[in-house]
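Notes follow the structure.
The values are calculated or read from the model by the stated rules, or taken from the named source; none is laboratory data. Keep in mind that this is a model prediction, so the values were computed, not measured. Heads up, the Cβs are rebuilt from the backbone with ideal geometry, glycines too, and the neighbour counts pull from every protein chain shown.
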Amino acid sequence: MSRPVIRSNRRGQRRARIRPVVIGLACILTSTLTWSAPAGAGPSDDGLKGAIDTILANARMDGGAASVVIADATTGERLYQRTGADRLMPASNTKLATSVAAMALLGPDYRYRTDVLAGGPRSGSTLRGDLYLRGSGDPTALAQDYDRLAADVAATGIRRVTGRLVADDTRFDTQRLGRSWASDDESSYYSAQISPLTVAPDTDYDSGTVIVEALPGSRPGARPRIKVTPPTDYVRLDVRGTTVPAGQPDTLAVERQHGTNTITVSGNIPVGAGATKEWITVWEPTGYAAAVFSDALARHGVRVAGSPRLGRPTPAGAKELASHRSMPLRELMIPFMQLSNNMHAETLTKTMGWETSGRGTWAAGLAAVDGYLKQEGVATAELRQVDGSGLSRMNLFPAEQLTTLLLSVRDAPWYADWYASLPLACHPDRFTGGTLRTRMCGTAAALNARGKTGSLTGASALSGYVKDAAGRELTYSVVLNNYLASSVKSIEDAIVVTLAKSDTAKDTVTAVPPKPRRASEAPADLECSWRKPALC
């Protein structure tokens, strides 16, 4: 696997050249942290540059790399640059490119369709032939949507199908997982397989997953009680866990075995403990959708003679019996961006490939994204994008190109809808505050800064918009890599809060130090919303 080449910040050399004025400024700014100013800092750097440089000199970034650019959102003037051309892993900041390209190429009114079609003639209440379930990629399809389709089929008067249920997932190719995605993430819900036919278990719309909930048995020695949502026989439970006396450690674990739909529940759960709840991916989401739809047909009195068949195209002469349309893309943007939904990003990438070239592949979709970014003035030769979500560690973006993109889209006709999909700092609602809803609270950035977060082990990013103390709108892009600290989120926050508290036009800067890490704070090796229940 390719690895990013990242430059050291060489802070050992910088500390040798600190001037007393900057040391004094740093002491005034914080009583809990020891700061070191970077090379070249001095009396002339007591404005924005000195403040941001000092924040980035925090010990948590020792040996790490930073690419940071701040600009006036109206004029594009760069107010601060720190190795802005360096290519670093953006993590979920990759979704910035994917989301704006989707809005531009597909349009805010774009909807996915899931259709049911008859592949043979009718004879009274009997369909003589196959019944086709054709998907176009809807990542928000719920079990209740398939139930409604089944009810609509029954309403046509069909009660018997002599052939099979055929699941037509041919809109996309058969490559289910992204390039260089980690194998140990395979059963984790943020790394689900991509198919034009899939099911989401709840209105977070984590497509391609089931929710497995485990509760302790009534007494020690009993097996845990297990519930699967949506109820389906597509997954098989292998319950090896045990209920143990109250007060003993809860070690229950839920994981799917590779290449199968066997979900193993192992470990101990004490009497009286709360539920262990996990979102687990399925193997082959097309089959999952077919199974959920088959069950729905049976509930509505439609009997299908044969077992489901996957991956066959719908014949040209098939007659439509029922159809479901997804929410429009402008609404889909909310769960996608607020909760940093990887599967939405990848589905949109393949959809862009299909709509622009007739090929539902990652290669075609990424080519479409690249073409759009070039139109917006982004130097795509200076970055690498290999998936839509940022889950791959092969993605490389400079902060300068992310800033260029943030500036260029402000005049797009769909900008307001897209802007609203960016998490808003410290807003308590999950679909407004999203991955920023617990960050920058009690500061000038609260309910002010919008931004896209990004987190992988050793990679963190935050890019978006904020108004300074005088009302001047700024864009910012902060991409941090190769640090050993468990989290550098407070460094990102300190930069944005400093912007929000300062009058950048006058260079009257109120510097804010990074907050110390709390003992209860979880490591930021993944997006907070990728941990269920969400930690943000």
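Data table
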item	result
Only one of 460, 477 that is under 15 Å from the mean Cα position of the chain (by Cα), under 24 Å from residue 336 (Cα atoms), part of a strand (DSSP E or B) and assigned by TED's automatic domain parsing to the domain that holds residue 407	460
Residue that is at pLDDT below 95, assigned by TED's automatic domain parsing to the domain that holds residue 496 and buried (at least 24 other Cβ atoms within 10 Å of the Cβ), where the choices are 41, 97, 91	41
Residue in region 164-180 that is touching a strand residue (DSSP E or B) at 6+ places or on another chain (Cβ under 8 Å), of a type outside the set (Lys, Arg) and not assigned by TED's automatic domain parsing to the domain that holds residue 314 present	no
Matching residues, region 345-379, being in a helix (DSSP H, G or I), polar (S, T, N, Q) and either crowded, with 16+ Cβ neighbours inside 10 Å or not assigned by TED's automatic domain parsing to the domain that holds residue 95 (or both)	347, 349, 351, 356
Some residue of region 388-406 being aromatic (Phe, Trp, Tyr), in contact with a Leu (Cβ under 9 Å, 6 or more places away or on another chain) and not in a loop (DSSP other than H, G, I, E, B)	yes
Candidate set: region 419-432, residues that are surrounded by 22 or more Cβ atoms within 10 Å (Cβ to Cβ) and not aliphatic (A, V, I, L, M); chosen: the one farthest from residue 375 (Cα to Cα)	423
In region 446-488, the residues that are over 27 Å from residue 383 (Cβ atoms) and aliphatic (A, V, I, L, M)	446, 447, 469, 470
Options 81, 144; residue that is under 28 Å from residue 191 (Cβ atoms), outside any loop (DSSP other than H, G, I, E, B) and either in the same structural domain as residue 393 (by TED's automatic domain parsing) or not basic (Lys, Arg) (or both)	144
Residues of region 116-157 that turn out to be more than 30 Å from residue 373 (Cα to Cα), within 27 Å of the chain's Cα centre (by Cα) and crowded, with 19+ Cβ neighbours inside 10 Å, as a count	5
Residue in region 158-189 that is surrounded by the fewest Cβ atoms within 10 Å (Cβ to Cβ), counting only those that are closer than 26 Å to residue 254 by Cβ and among the polar types (S, T, N, Q)	183
Qualifying residues in region 93-138 (those that are part of a loop (DSSP other than H, G, I, E, B) and of a type in the set (S, T, N, Q)) - the one farthest from residue 315 (Cα to Cα)	125
Breaking point among (1) without any contact (Cβ under 8 Å) to a residue 12 or more places away in the chain; (2) over 22 Å from the mean Cα position of the chain (by Cα), for residue 184	(2)
Matching residues in region 190-221 - criterion: being buried (at least 24 other Cβ atoms within 10 Å of the Cβ) and charged (D, E, K, R)	206
Number of positions in region 513-524 that are surrounded by 13 or more Cβ atoms within 10 Å (Cβ to Cβ) and either more than 20 Å from residue 430 (Cα to Cα) or modelled with pLDDT of 90 or more (or both)	4
Exclusive hit being in contact with an Asp or Glu (Cβ under 7 Å, 6 or more places away or on another chain) and either without any contact (Cβ under 8 Å) to a residue 60 or more places away in the chain or not aliphatic (A, V, I, L, M) (or both), set 403, 457, 432	457
From 298, 316, 289, residue being surrounded by fewer than 18 Cβ atoms within 10 Å (Cβ to Cβ), assigned to a helix (DSSP H, G or I) and small (Gly, Ala, Ser)	298
Any hit, region 208-225, residues being in contact with a helix residue (DSSP H, G or I) (Cβ under 6 Å, 6 or more places away or on another chain) and either of a type in the set (A, V, I, L, M) or touching a residue at least 12 places away in the same chain (Cβ under 8 Å) (or both)	yes
Long-range neighbours under 7 Å by Cβ, at least six apart or interchain, first residue in contact (Cβ under 8 Å) with a residue 12 or more places away in the chain within region 82-102, second charged (D, E, K, R) and in a strand (DSSP E or B)	92/452; 93/452; 95/452; 96/452
Subset of region 460-486 [under 13 Å from residue 61 (Cα atoms), surrounded by fewer than 19 Cβ atoms within 10 Å (Cβ to Cβ) and in contact (Cβ under 8 Å) with a residue 60 or more places away in the chain]	482, 484
Matching option when the condition is surrounded by fewer than 18 Cβ atoms within 10 Å (Cβ to Cβ) and of a type in the set (S, T, N, Q), among 498, 510	510
Counted residues, region 380-418 - those being surrounded by fewer than 24 Cβ atoms within 10 Å (Cβ to Cβ), touching a Pro at 6+ places or on another chain (Cβ under 7 Å) and under 25 Å from residue 440 (Cα atoms)	1
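Per-residue answers, yes or no, for (1) surrounded by 15 or more Cβ atoms within 10 Å (Cβ to Cβ); (2) under 31 Å from the mean Cα position of the chain (by Cα); (3) assigned by TED's automatic domain parsing to the domain that holds residue 156:
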{"residue": "230", "(1), (2), (3)": "yes, yes, no"}
{"residue": "256", "(1), (2), (3)": "yes, yes, no"}
{"residue": "293", "(1), (2), (3)": "yes, yes, yes"}
{"residue": "304", "(1), (2), (3)": "yes, no, yes"}
{"residue": "321", "(1), (2), (3)": "yes, no, yes"}
